[in-house]
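Asks: The following block contains the structure, expressed as structure tokens.
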């Protein structure tokens with residue numbers, strides 16, 4: 001299959017899965033395996049194109065984010081919101097710096113780990129849907145600093161491919177008293193610094209690999225992930241309000257079981 005078509009497929013998967021709790025990285029790595037993309041450059045590609053989906057959040061929430069920015073000098077609530085996102089962001093920075101090489105060299109290359117993480121994460125979502133504590137916060141822009149730190153610690157679990165960054169932060173938010181909508185929106189906001197940080201760090205680590213052809217593939221994946229990510233962000237909150245997170249949980253479990261079946265039959269290496 002042509003590289004440009006692989007870039008389109010991976011970009012579409014990234015945009016459709018980045019903001020729902022099914023693990024975009026897990027799906028991308030399994031798709032990479034299915035497409036036979038063995039070159040390590042595709043691992044870097046997967047990280048790079050996440051910025052396209054993140055910019056979709058910036059574009060769709062631009063007015064709210066801009067309003068926070070212009071109110072920063074005078075509005076304590078605006079400063080508290082920025083501080084809450086910053087506090088939630090810090091744990092993943094620390095964990096990412098120290099665990100980066102292990103994550104890329106070991107966990108990114110283990111379909112077995114990804115499939116198990118998908119299944120376990122799906123089961124956790126189903127349990128939380130049924131037994132989530134009563135929500136105390138309904139506005140993602142009024143999250144307490146202690147809650148923010150807790151969500152940030154949950155986000156560190158997403159260093160394991162298959163766990164899902166959005167899944168971990170949404171589960172963490174709901175477990176700590178956010179309602180479903182607030183948990184999902186706070187996950188959106190936290191994605192902005194988290195994924196931009198991952199983009200910059202990965203770009204720096206692999207800057208020598210960026211020739212004209214590879215940069216062109218990233219541009220294709222970037223655009224596709226931006227468009228598909230914008231669609232998901234526009235529709236996800238209403239979908240969750242109507243159906244909850246159970247459909248995503250069952251999808252995770254099905255994909256994980258399908259992957260384990262392929263590993264068990266020898267189609268995929270573990």
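The values are calculated or read from the model by the stated rules, or taken from the named source; none is laboratory data. Every value quoted in this text rests on a predicted model; they were computed, and no experiment measured them. Cβ placement follows ideal geometry from the backbone for every residue including glycine, while neighbour counts extend to all protein chains displayed.
Asks: Pull up the range 142-154, narrow it to residues that are free of Cβ contacts under 8 Å to residues at least 40 places away in the same chain and in contact with a helix residue (DSSP H, G or I) (Cβ under 7 Å, 6 or more places away or on another chain), then point me to the one that is surrounded by the most Cβ atoms within 10 Å (Cβ to Cβ).
Replies: This residue is 154.
Asks: Which of the following residues is in contact with a helix residue (DSSP H, G or I) (Cβ under 6 Å, 6 or more places away or on another chain), at pLDDT below 90 and within 23 Å of residue 19 (Cα to Cα): 51, 125, 60, 118?
Replies: That would be 51, the only listed residue that is in contact with a helix residue (DSSP H, G or I) (Cβ under 6 Å, 6 or more places away or on another chain), at pLDDT below 90 and within 23 Å of residue 19 (Cα to Cα).
Asks: Now for a different question. Only one of (1) over 17 Å from residue 178 (Cβ atoms); (2) more than 17 Å from the chain's Cα centre (by Cα); (3) buried (at least 16 other Cβ atoms within 10 Å of the Cβ) is not met by residue 102, so which one is it?
Replies: (3)
Asks: Report whether or not residue 139 is free of Cβ contacts under 8 Å to residues at least 60 places away in the same chain and farther than 24 Å from residue 173 by Cα.
Replies: no
Asks: If you don't mind, another one. So if I check each of 108, 81, which one is surrounded by 15 or more Cβ atoms within 10 Å (Cβ to Cβ) and under 23 Å from residue 256 (Cβ atoms)?
Replies: Residue meeting the stated conditions: 108.
Asks: For the range 14-31, enumerate the residues that are assigned to a helix (DSSP H, G or I) and either modelled with pLDDT under 90 or surrounded by 24 or more Cβ atoms within 10 Å (Cβ to Cβ) (or both).
Replies: Selection gives 14, 15, 17, 24, 25, 26, 27, 28, 29, 30.
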